[in-house]
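Peer 1: Got a structure for you, questions after.
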Amino acid sequence: MPDQDLVKLITQRVVNRLSNDKPCSGCALRTCDAGNRACDVAGSQQKIPVGVSARHAHVTQEHLEILYGPGHQLTVYAPLYQPEAFAANETVTVVGKRMRAIEHVRILGPVRDYSQVEVAKTEAIRLGLDPPIRDSGDLDGAEAITLIGPAGSVYLEEGAICASRHIHMTPEQAQEFGLTESDRVKIRIPGERALTFENIRPKIHESYVLQMHLDTDDSNAAGLKGGEAVELVRDEV
């Protein structure tokens, strides 16, 4: 085969491989081949896959229409790992104290019955905030924050939190692990930046897919990109 034809053949194979091997985007988006997805492989090995949850917002339909105009509906940018959840094309600018802001914070859909912003601690410092560590929707005592969209703005008196560490799982998986939602578990992260994360809450529902969610501060501290398989730390008795 002539050298020029060989180069063309190799180039085409590389392009095809890249087209069929899309990045996981922190293992939050379902953008890669489900048959080869690292998170799916981890689950099949009775381990817990890691998902990196970047800053994002949840909004009510009422607030969405203030931000984007009357009758506006969220549109899908990409499906998320959990069923029916998706990253929307719509984004907002979030403004904290002393007019400190972060632009292009993505809204996650579908719309909810509450509006909130979830940020990592380092992002909260950038915004001049000190939000509590909470489960999604637990906004009592959350920090005040303003959302700005192309059509208007929404002030949330209690709206900004740092999300608690948690693991999504089905009731059957919870039974296999011997866990309930009242438990708090430990996960050991191996490697050069090995860490043990504690106070991780099981979130149990029949619609969930097994995955642990960490924010970007935790994932960066442990050198995680998403998709890694980790195991529960069993306390010795």
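The values are calculated or read from the model by the stated rules, or taken from the named source; none is laboratory data. Not measured: the values here are computed from a predicted model. Virtual Cβ from ideal backbone geometry, glycine too; neighbours counted across all protein chains shown.
Peer 1: Given (1) outside the structural domain of Lys225 (by TED's automatic domain parsing); (2) touching a strand residue (DSSP E or B) at 6+ places or on another chain (Cβ under 7 Å); (3) under 25 Å from Ala222 (Cα atoms), where does Thr122 come up short, assuming only one miss?
Peer 2: The one condition Thr122 does not meet is (2).
Peer 1: Residues in the range 76-99 that are over 17 Å from the mean Cα position of the chain (by Cα) and at pLDDT below 95: how many?
Peer 2: Adding up the residues that qualify gives 3.
Peer 1: Which one of the conditions (1) farther than 17 Å from His56 by Cβ; (2) surrounded by fewer than 18 Cβ atoms within 10 Å (Cβ to Cβ); (3) in contact (Cβ under 8 Å) with a residue 12 or more places away in the chain does Asp138 fail to meet, given that it meets all the rest?
Peer 2: Status for Asp138: all satisfied but (1).
Peer 1: Among all residue pairs at least 6 apart or on different chains, which show Cβ distances below 8 Å where the first residue, located in the range 75-100, is under 22 Å from Gly226 (Cα atoms) and the second is assigned to a helix (DSSP H, G or I)?
Peer 2: Close Cβ pairs satisfying both conditions: Tyr81/Cys39.
Peer 1: Just to check your reading of the model, which residue among Ala151, Ala120 is small (Gly, Ala, Ser), more than 30 Å from Val233 (Cβ to Cβ), in contact with a helix residue (DSSP H, G or I) (Cβ under 6 Å, 6 or more places away or on another chain) and touching a residue at least 12 places away in the same chain (Cβ under 8 Å)?
Peer 2: Going through Ala151, Ala120 in turn, the sole match is Ala151.
Peer 1: For the range 84-105, give me each residue that is exposed (fewer than 12 other Cβ atoms within 10 Å of the Cβ) and not acidic (Asp, Glu).
Peer 2: Arg98, Met99, His104
Listed here are the residues, each with its yes/no results for (1) loosely packed, with under 15 Cβ neighbours inside 10 Å; (2) under 21 Å from Glu176 (Cα atoms).
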| site | (1), (2) |
| --- | --- |
| Arg193 | yes, no |
| Asn199 | yes, yes |
| Leu214 | no, no |
| Ser219 | no, no |
| Glu228 | no, yes |
| Val233 | yes, yes |
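Peer 1: Look at Glu103 and say whether it is among the charged types (D, E, K, R), closer than 29 Å to Leu224 by Cβ and in contact with a strand residue (DSSP E or B) (Cβ under 7 Å, 6 or more places away or on another chain).
Peer 2: Values: among the charged types (D, E, K, R): yes; closer than 29 Å to Leu224 by Cβ: yes; in contact with a strand residue (DSSP E or B) (Cβ under 7 Å, 6 or more places away or on another chain): yes.
Answer is yes for this residue.
Peer 1: Considering only residues that are within 20 Å of the chain's Cα centre (by Cα) and not aliphatic (A, V, I, L, M), look in the range 181-195 and name the one that is nearest to His205 (Cα to Cα).
Peer 2: By that ranking, first place goes to Glu181.
Peer 1: Have a look at Arg106, Arg126 and point out the one that is touching a residue at least 40 places away in the same chain (Cβ under 8 Å) and basic (Lys, Arg).
Peer 2: One residue alone meets the criteria, Arg106.
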